[in-house]
Amino acid sequence: MKPVESDCVCTSLRMATRAVNRLYDRALSGVGLRVTGYSIMSRLSKEGPLTISELAGRLAMERSTCSREVGPLVEAGLVEAMTGTDRRSRVLRLTDRGVRKHAEAYPLWEEVQRKVADEFGDAEVTDLLARLRRLRESSEFLSEA
């Protein structure tokens with residue numbers, strides 16, 4: 001059945017997000033990852049160890065959602081959760097296994113990125129990303145108002 005069109009920004013964005021998530025999840029399933037786990041690993045790879053709160057902020061996630069998404073990565077030995085300096089915080093870092101898994105997944109992620117750009121157009125993807133950043137920033141501003 002074909003999805004219904006909606007004038008609601010939130011509904012339309014969520015529908016698009018689910019479709020795009022499925023595309024990335026399908027590609028990353030070959031190495032046993034989902035796009036959310038890959039995003040977490042990518043952030044830790046780029047920035048090094050982060051507390052759960054820092055990671056959640058970097059990915060615009062709720063802290064509880066971030067903790068829930070990190071759990072399977074810790075259980076799989078891809079991410080290590082260490083006690084922070086104040087003993088109340090947990091600091092996350094990629095394990096050696098996580099570094100290897102991220103490197104294994106990167107070409108799959110890159111291929112999906114290329115396919116989307118080929119289908120949608122490089123300029124359109126660049127424009128879409130800029131508009132999505134602006135929408136996120138505006139939404140955060142409006143939430144605080």
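Descriptive notes on the structure:
- With Cα atoms, 0 to 90° folded angle of helix 35-47 axis to the chain main axis: 60
- Values of log10 I(q)/I(0) for segment 17-83 across q = 0.18, 0.25, 0.28 Å⁻¹ run -0.67, -1.21, -1.37, by the Debye formula with one identical scatterer at each alpha carbon and no solvent.
- Between helix 122-144 and the chain: long-axis angle, C-alpha atoms, 0 to 90°, nearest 10: 70
- Distance distribution P(r), segment 29-144, all Cα-Cα pairs, bin width 10 angstrom from 0: 12, 37, 33, 16, 1 percent.
- Were the residues from Asn21 through Cys8 laid out at 0.36 nm apart, the gain over their Cα-Cα distance would be 2.7 nm.
- Whole-number percent relative contact order across the chain, with pairs defined as alpha carbons under 8 Å at least 6 apart: 21
- Förster-model FRET efficiency, 25 Å R0, Arg134 and Arg68, C-beta, rounded to 0.05: 0.35
- Each helix, a run of at least 4 DSSP H residues, gives -39500 (n - 2.57); summed and divided by the residues of the chain, these come to -23500 deg cm²/dmol at 222 nm.
- Rounded to 10°, Cα long-axis angle of helix 9-28 versus longest principal axis of the chain: 60
Read the figures in this text as sums done on the coordinates, not as results from a lab. As the structure is a prediction and not an experimental result, all values here were calculated from the model. All Cβ positions, even for glycine, are placed from backbone atoms using ideal geometry, and neighbour counts span all protein chains on display.
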